[in-house]
Amino acid sequence: MIIPARYAYAAAFVGVCGHASSEFVAKVSGVGGPEASVWRYVIGGVGLAIWALISLGPTALWRPVREGGAYFWLVSLIGVSATYLAFHWALDFASIVQVATVVTTIPIFVALANWLINGQPPSNAKIVTGVAATFGVLLLITDGALDQLGGSGNSLYGVLLATFCAAAGSFYSVLVKPIIGKHGALPTTAASLCIGALGLWLAVGVFWSIWVNPAKLFDRPAAEGWWLLTLGLWNTTITQLLWFGGLAAAPDITRASYLFFLKPVIAAALALAFVAGATLSVLEAAAIVVVTGSVFIEIFWDRIVGRRKASARG
């Protein structure tokens, strides 16, 4: 699927909505984080591969794997397997709001990765908003540190895992962009998710002794099976296609990725509305305000600077 440039930001936004609800769906499924990550990407990867086979045929699906070789495998294992193992594992320790807010820092790491890999330094607007968003994450880390002083420490572990997820996922989006540009978003993302699913299946099997059998999805309690199916198809198959496709088609990958700053607001609303016992601490609320506020500063940066220059000239 090729997303026209004029629809790139809209596609990325719908992808954000899918990402924003993934913490909620994973949490209410009742399945532990590492195991949930396997179910998500086995179902999501297969769903996306089927979509690619129907739309483009087997040759297109196999091409990025064949031409990318070991590099494509390594990028997929780091960008999918490691990233989303950390993401779902973080939900075992931290709240939906904490994980969603930390993962929202992906644009900061995208700008950094784009600078380190492609030699494109971030603009002044991106530096300012990146610093602001970093402050928001520090609020959450402080919240986790306070929990640790109280004896639990769970939030801090979750925040750190979510930070690793944001960093690894950001570098993946930049590294995979040229492959998407050459082979298309659908076959590249589908193949990458399938490789990532294999990596997750092996890692969780070896280290957690949980060997997921997709044929037994509905042998689980009915609610778990349907939530896991939702996590795989909506939060992965559809979401990943729109998100990475939107980023690849966007004229400015960093600006498109800044839509991700809306993620914690959606996640917090879902958690507070539907998750029993979910609360929003003062520090969590402050972090959301700081991080999401950065979006609007970045969006209107040129207009703000332009007005200041015009006022100075006047």
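The values are calculated or read from the model by the stated rules, or taken from the named source; none is laboratory data. The shown structure was predicted, so the numbers you read here are calculated from the model rather than taken from an experiment. Positions of Cβ are generated from backbone atoms using ideal geometry, with glycine treated the same way; all protein chains shown enter the neighbour counts.
Filtering the stretch 140-149 down to residues that are of a type in the set (A, V, I, L, M) and surrounded by fewer than 21 Cβ atoms within 10 Å (Cβ to Cβ), which residue is modelled with the lowest pLDDT?
As a first pass, look at the stretch 140-149 and keep what is of a type in the set (A, V, I, L, M): 140-141, 145-146, 149.
Right, trim to surrounded by fewer than 21 Cβ atoms within 10 Å (Cβ to Cβ) and you get 141, 145-146, 149.
Numbers: Ile141: 66, Ala145: 54, Leu146: 56, Leu149: 45.
Within the stretch 140-149, the match that is modelled with the lowest pLDDT is Leu149.
In the stretch 195-226, which residues are closer than 30 Å to Ile3 by Cβ, hydrophobic (A, V, I, L, M, F, W, C) and modelled with pLDDT of 95 or more?
From the stretch 195-226, those closer than 30 Å to Ile3 by Cβ are 195-201, 214, 226; that's our starting set.
Retained after the next criterion (residues that are hydrophobic (A, V, I, L, M, F, W, C)): 195, 197-198, 200-201, 226.
Matches in the stretch 195-226: Ile195, Ala197, Leu198, Leu200, Trp201.
Please note which helices (runs of 4 or more DSSP H) are completely contained in the stretch 45-114 and include at least 3 residues that are more than 18 Å from the chain's Cα centre (by Cα). Let's see the steps before the verdict.
Numbers: elements: 58-76, 83-90, 96-103.
Filter on the stretch 45-114 gives 58-76.
Please determine, by comparing only the residues of the stretch 158-182 that are among the β-branched types (Val, Ile, Thr) and either within 22 Å of Gln98 (Cβ to Cβ) or free of Cβ contacts under 8 Å to residues at least 12 places away in the same chain (or both), which one is surrounded by the fewest Cβ atoms within 10 Å (Cβ to Cβ). Give the steps one after another, and end with the answer.
Of all residues in the stretch 158-182, those among the β-branched types (Val, Ile, Thr) come to 159, 163, 174, 176, 179-180.
With either within 22 Å of Gln98 (Cβ to Cβ) or free of Cβ contacts under 8 Å to residues at least 12 places away in the same chain (or both) added as a condition, the list becomes 159, 163.
Values: Val159: 27, Thr163: 19.
Here the residue is Thr163.
State yes or no: is Pro187 within 22 Å of Ala113 (Cα to Cα) and assigned to a helix (DSSP H, G or I)?
Working: within 22 Å of Ala113 (Cα to Cα): no; assigned to a helix (DSSP H, G or I): yes.
So Pro187 does not fit the description; no.
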Open item on the list: Looking for something at pLDDT 90 or above and assigned to a loop (DSSP other than H, G, I, E, B) - is there at least one such residue anywhere in the stretch 245-261?
Closed with: no
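Could you tell me whether Ile96 is modelled with pLDDT under 95 and surrounded by fewer than 18 Cβ atoms within 10 Å (Cβ to Cβ)? Step through it out loud before you land on a result.
Numbers: modelled with pLDDT under 95: yes; surrounded by fewer than 18 Cβ atoms within 10 Å (Cβ to Cβ): no.
No; evaluated as a whole, the condition is false for this residue.
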TODO: Go through the stretch 1-15 and count every residue that is crowded, with 20+ Cβ neighbours inside 10 Å and either free of Cβ contacts under 8 Å to residues at least 12 places away in the same chain or closer than 19 Å to Phe274 by Cβ (or both).
DONE: 0
Open item on the list: Can you list residue pairs whose Cβ atoms sit under 7 Å apart, with the first residue in the stretch 92-106 being more than 11 Å from Ile288 (Cα to Cα) and the second being among the β-branched types (Val, Ile, Thr) and surrounded by 24 or more Cβ atoms within 10 Å (Cβ to Cβ)? Count only pairs 6 or more apart in sequence or on different chains.
Closed with: Ala94/Val159
- [ ] Quick one: which residue in Gly79, Gly18, Gly69 is on the phi > 0 side of the Ramachandran plot and at pLDDT below 95?
- [x] Gly69
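Look through the stretch 208-242, keep the residues that are more than 20 Å from Ala100 (Cα to Cα) and small (Gly, Ala, Ser), and return whichever of them is surrounded by the most Cβ atoms within 10 Å (Cβ to Cβ). Give the derivation first.
Just the residues of the stretch 208-242 that are more than 20 Å from Ala100 (Cα to Cα), to begin with: 208-226, 229.
Next, only the ones that are small (Gly, Ala, Ser) stay: 209, 215, 222-223, 225.
Details: Ser209: 7, Ala215: 7, Ala222: 8, Ala223: 11, Gly225: 17.
Looking at residues that are more than 20 Å from Ala100 (Cα to Cα) and small (Gly, Ala, Ser), I get Gly225.
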Task: Of all residues in the stretch 17-35 being out of contact with any Gly (no Cβ under 9 Å at 6 or more places or on another chain) and hydrophobic (A, V, I, L, M, F, W, C), the one that is nearest to Leu241 (Cα to Cα) - done: Cys17
Task: Ser37, sole failed condition from (1) out of contact with any His (no Cβ under 7 Å at 6 or more places or on another chain); (2) part of a helix (DSSP H, G or I) - done: (1)
TODO: Those residues that are exposed (fewer than 15 other Cβ atoms within 10 Å of the Cβ) and either in contact with a strand residue (DSSP E or B) (Cβ under 6 Å, 6 or more places away or on another chain) or not in a helix (DSSP H, G or I) (or both), I need them from the stretch 121-138; list them, please.
DONE: Pro121
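Residue by residue, here is whether (1) over 20 Å from Trp39 (Cα atoms); (2) without any contact (Cβ under 8 Å) to a residue 24 or more places away in the chain holds:
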position	(1), (2)
Trp62	yes, no
Ile78	no, no
Leu116	yes, yes
Gly136	yes, no
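Looking at Trp89, Trp51, which is the one that is in contact (Cβ under 8 Å) with a residue 40 or more places away in the chain and surrounded by fewer than 20 Cβ atoms within 10 Å (Cβ to Cβ)?
On the way: Trp89 fails: surrounded by fewer than 20 Cβ atoms within 10 Å (Cβ to Cβ).
Only one candidate passes the filter, namely Trp51.
Could you tell me whether any residue of the stretch 197-219 is part of a helix (DSSP H, G or I), under 14 Å from the mean Cα position of the chain (by Cα) and under 20 Å from Pro64 (Cα atoms)?
Filtering the stretch 197-219 down to residues part of a helix (DSSP H, G or I) leaves 197-208, 214-219.
Among the residues that remain, those that are also under 14 Å from the mean Cα position of the chain (by Cα) are: none.
No: the stretch 197-219 contains no residue that is part of a helix (DSSP H, G or I), under 14 Å from the mean Cα position of the chain (by Cα) and under 20 Å from Pro64 (Cα atoms).
Do you know which residues across the stretch 90-115 are of a type in the set (A, V, I, L, M, F, W, C) and under 15 Å from Gly169 (Cα atoms)? Spell out how you get there, then give the answer.
Of all residues in the stretch 90-115, those of a type in the set (A, V, I, L, M, F, W, C) come to 90-91, 93-94, 96-97, 99-100, 102-103, 106, 108-113, 115.
Answer for the stretch 90-115, where residues must be of a type in the set (A, V, I, L, M, F, W, C) and under 15 Å from Gly169 (Cα atoms): Ala90, Val99, Ala100, Val102, Val103, Ile106, Ile108, Phe109, Val110, Ala111, Leu112, Ala113.
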